[in-house]
Each structure stands twice: as structure tokens, then as C-alpha cells.
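See structure below.
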Amino acid sequence: MLRLGLIALLATPAMAQDSLPLSELMSATHVHGIGPGSGGADSLTLATHNGLWAVDLSSSTATRLGGSQDDFMGYSAVLGSPGTAFASGHPATGGNMGVIRTDNAGQSWTHVSNGLDGPVDFHSMEVSRADPAVIYGIDHDRRVQRSADGGVTWEATGEAPEKLIDIATAPRDAAMLYAATETGLFLSPDGGATWQPVIEGVPVYTVDAGADSVVRAVDLSRGLVTLSEGGEITSVSSDLPDGYLLFLATTSVDPLRLAALSAKGRLVVSQDGGASWIDALTGD
């Protein structure tokens, strides 16, 4: 009953600009993406089933950004361009939203495109770290869609590996795409047309190209690892909260400040590039 009450609270229009304890938000909704916030190292943005939220870690509070109560599935902030992000998912009224864009940190959104055969519902979407005009999106059909003009027009470039969990783009090559899957990590050098294995035989739960141009991934056997441009894999930490991480993200303020969800859905943060982690709510 408490959870149902909190969900009803999140859906109330009067909550549009109000704050609530972060613990209440985390218990009442599902997080689908994490991005940098606009308030410094202690600020994060959470894309959720009930809109976009700004999180202040220092006060453990969350504030809805804008009035949207939509289900933000694919969400990708444009690093180096504060306040700009792209999203996809489901409107609160139902259906698919296609691709939308904000330039004011989620206070308002503009519909950019329906994508191919849309409106699409990109659960995996990433703005290229090398070229912010390039965006990749993958729908339920595993078709890789690519836009070279900021999401206005799209082309099909290939098919994603099976059992996809997460995608990331390379820091310096807009044609290079990573795919984290239940069977390993794959790399495409040609925008999703072909794929080659990087980590095989174990689930890779998340992959992210950070603000420091370091590609990080989490696999079940080694934990958090970094990937060099030459393909070298370096272990960072095998001791991860609840076993593994999801939705790994870095902040644009401090590239060693990371945030993620634990396997049990806890929001966790690191101040040392992932070597150690603490619970964002308890500090442990």
C-alpha cells in the first residue's frame, strides 16, 4: 500500500516542481538511465518510469525536472553540453514517444523524430561521445538505427547482438559502438553493421564511455573493467555492490565520479573511478 501511495504521489501534477526524499523516489519508481546533473559533483539526473528527476546527493533529495510524467526508457545526455539530452520511451498517456530532445535539463522537451517505422521506443540510445550530431538507437527488433543530424533523420545500419542490455559509443570514433549483452561485450567498428567479441562467455551488464574518455564495462567474472583503444582489458574492482552494476555513468564535473544502480536497485556512487563504492542513501 505504501508503494502504491508513492506511485500515486509521483503521478500528481502538483509534484512537478516539488522535492521529495531520494529514498521515496527510489522505492516508488524504476530507474532506466543515469546522467550528469547540473549542480556539481553531488548532482545526478535520473531517467525513470515517472519522468526525469534531479538528485542532490548531499541532501538525499530528488526534484522532478519539468512537468513530464513520461516513461523515459532510452536516455542519453550530451557530455560537454550541459542541459542537452535525448530520450525515448512511452508517454504517460500510452504509446511510443519516438525521439525527443531537451536543451534546458528536462524543463521542456521537443519532439525531434519518430525514427524508422516509428514512433520508436528506443530502450538503448546513445549520443556519440565523438560527435554529438550522431545518435544510435535500438528498438525491440534489434535493428540498429543511426542518425547523423541530431536525431532528425535515421538510417538502419545493422542488427545488434542478441540479448542486448546496454550500448555505448567510443570516445573518439563516431562509427564505433559497444554492446553489452547477456553473453559478453561486442564492438562494432562500422556503426552496427558488423560485430566482434571483446569479452566472451559471461554477462556484461553495462558499458559507458565516460567524460574522461575511458570506456568502462561490468562483467560477471571480473567486475568493473576499463578498455583501452587497443583492446586491452584492465580490472578496476571485483568487489561491486550486490554483485554487479547497471546504468553506469560518469559526471561531466568530475570524470572519476561514477554513479550506477546495484544489482538490487540501490543507487551507488564512486569518487575514485570505480575502485570503491558507497550507497547514495546510507553512505556505506
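Here, each number is a calculation from the coordinates, and none is a lab measurement. Computed from a predicted structure; not experimentally measured. Note: ideal-geometry Cβ built from the backbone for every residue, glycine included; neighbour counts use all protein chains shown.
Only helical DSSP H runs with n ≥ 4 go in: add -39500 (n - 2.57) per run for the chain, normalise by residue count and round the 222 nm mean residue ellipticity to 500 deg cm²/dmol.
-1500 deg cm²/dmol
May I ask you to derive the FRET efficiency for residue 43 and residue 133 from their Cβ-Cβ distance with R0 = 45 Å, giving the value to the nearest 0.05?
The computed FRET efficiency comes out at 0.95.
Within 13 Å, Cβ to Cβ, of residue 223, how many net charges do the neighbouring residues add up to if Lys/Arg are +1 and Asp/Glu are -1?
So the surrounding residues net to -1.
Once you list every other residue whose beta carbon is under 15 Å from the beta carbon of residue 65, what net charge do they have if Lys and Arg are +1 and Asp and Glu are -1?
Local charge sum for residue 65: -3.
So what's the projected area for region 125-284, the Cα convex hull averaged over all directions, in nm²?
Answer in nm², one decimal: 9.0.
Which entry in (1) 0.93; (2) 0.99; (3) 1.25 matches Cα Rg over 2.2 N^0.38 Å derived from the coordinates of this structure?
(1)
Between region 222-240 and region 15-74, how far is it from one alpha carbon centroid to the other, in angstrom?
Cα centroid to Cα centroid, the span is 29 Å.
For the chain, what relative contact order do you get, as a whole percent, if you take Cα pairs closer than 8 Å and at least 6 residues apart?
That works out to 10 percent.
What's the Kirkwood radius of region 135-203 in Å, using all Cα pairs?
12.0 Å
Among 212-218, 240-246, 68-74, how do they line up by average Cβ neighbours within 10 Å per residue, starting with the highest?
The densest-packed peptide leads the list: 68-74, 212-218, 240-246.
Using Cα-Cα distances under 8 Å and only pairs 6 or more residues apart, what relative contact order does region 158-244 have, in percent?
That works out to 20 percent.
Could you order the peptides 119-126, 227-234, 52-59 from most to least packed, using the average number of other C-beta atoms within 10 Å per residue?
119-126, 52-59, 227-234
Using a basic spin-label model with each label point 7 Å from the Cα along Cα→Cβ, how many nm lie between residue 242 and residue 140?
In this crude label model, residue 242 to residue 140 measures out at 2.6 nm.
Once you keep just the Cα pairs under 8 angstrom separated by 6 or more residues, what percentage relative contact order results for region 125-209?
It comes to 24 percent, rounded to a whole number.
How many nm separate the modelled label positions at residue 212 and residue 234, each set 7 Å beyond the Cα in the direction of the Cβ?
In this crude spin-label approximation the distance works out to 0.9 nm.
Count the net charge of all other residues whose Cβ sits under 15 Å from the Cβ of residue 263, scoring Lys and Arg as +1 and Asp and Glu as -1.
Residues near residue 263 contribute -4 overall.
State the answer as a single residue: which of 105, 127, 31 lies farthest towards the positive end of the charge dipole of region 22-146, with beta carbon charges of +1 for Lys and Arg and -1 for Asp and Glu, about the Cα centre.
127
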